[in-house]
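FYI, it's all coordinate maths here, none of it is from the lab. From a predicted model like this one, the values you see are computed outputs, not experimental measurements. Glycine also receives a Cβ, built like all others from the backbone with ideal geometry; neighbour counts cover every protein chain displayed.
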Amino acid sequence: MRIQRFVACLAAALFISGVAAANDANEFKPAISKHAKSQVKSWLKDPVVINAIKAQNAKNAGLSQTDVDRLDKQWRSETGSSNQPLIKSVLSNDLSKFLMKKKEGSQGLYTEIFVMDNKGLNVGQSDVTSDYWQGDEAKWKKTYLVGADAMHIGGVKKDESTQMFQSQLSMPVMDPDNNQVIGAVTVGINVELLSQLQ
């Protein structure tokens, strides 16, 4: 029993040290990229995803950067409050419910999923994010602004809330009717489970 525990602890320590060393290079990028192309891209075409982004793009077409900043500030203040009208409105929509099911169905592979519109504002999400506007971050800038074939894979980081090592995969969401970029998605990938799937 002690030997098994020692071997398990040693394996975990070696994995963690390997993840830490790979943090910048992210040795998981090829596997994450393969998963994105074979799995994530297919469910991004679902009408629930496409229709929600299109509707929010139309609704928010007239928003200024000041409006976006105000909404982001409201979201951030709501994360620490019991009064959460903006957060609740997003978490209760059909897209968020769809993303929650995708996360649950991944058996722990997905740590979080959120979809952004053409301004970088969240449209739907599986979990509450720390902010509402992602438009100033690489996950949106290096996907939505780049185009159809863009993919951004972040470094491996330990999620303090879940204690899991994850990497964020981000890619554009395309309108299947005209092949135009309408939004973006970020999927947190549990690299410990990803390595087991290979």
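Around S126, with a cut-off of 11 angstrom between Cβ atoms, what is the net charge of the other residues, counting Lys and Arg +1 and Asp and Glu -1?
Net local charge, S126 excluded: +1.
Give, in nm to one decimal, the length gained when the segment between S89 and N179 is fully stretched (0.36 nm per residue of separation minus the Cα-Cα distance).
Extra length from S89 to N179 when fully extended: 29.5 nm.
Holding the Cα-Cα limit at 19 Å, pick out from K119/K139; K88/K157; K29/K158; K34/K158 the pairs that are longer than that.
K88/K157; K34/K158
Where the Cα atoms of the range 27-197 are projected onto their three principal axes, how long is each span, largest first, in whole Å?
44, 41, 26
What is the gain in length, in nm to one decimal, between K97 and S77 on full extension, counting 0.36 nm per residue of separation less the C-alpha to C-alpha distance?
4.9 nm
By counting other Cβ atoms within 10 Å of each Cβ, how are D127, D159 ranked from fewest to most?
D159, D127
Projected onto the charge dipole of the range 27-197 (+1 at Lys/Arg Cβ, -1 at Asp/Glu Cβ, origin at the Cα centre), which of L91, T66, G154 gives the Cα projection farthest towards the positive end?
Farthest towards the positive end: G154.
Counting Lys and Arg as +1 and Asp and Glu as -1, each charge on the Cβ, what is the dipole of the range 27-197 about the Cα centre in debye, to the nearest 20?
In total the dipole reaches around 240 debye.
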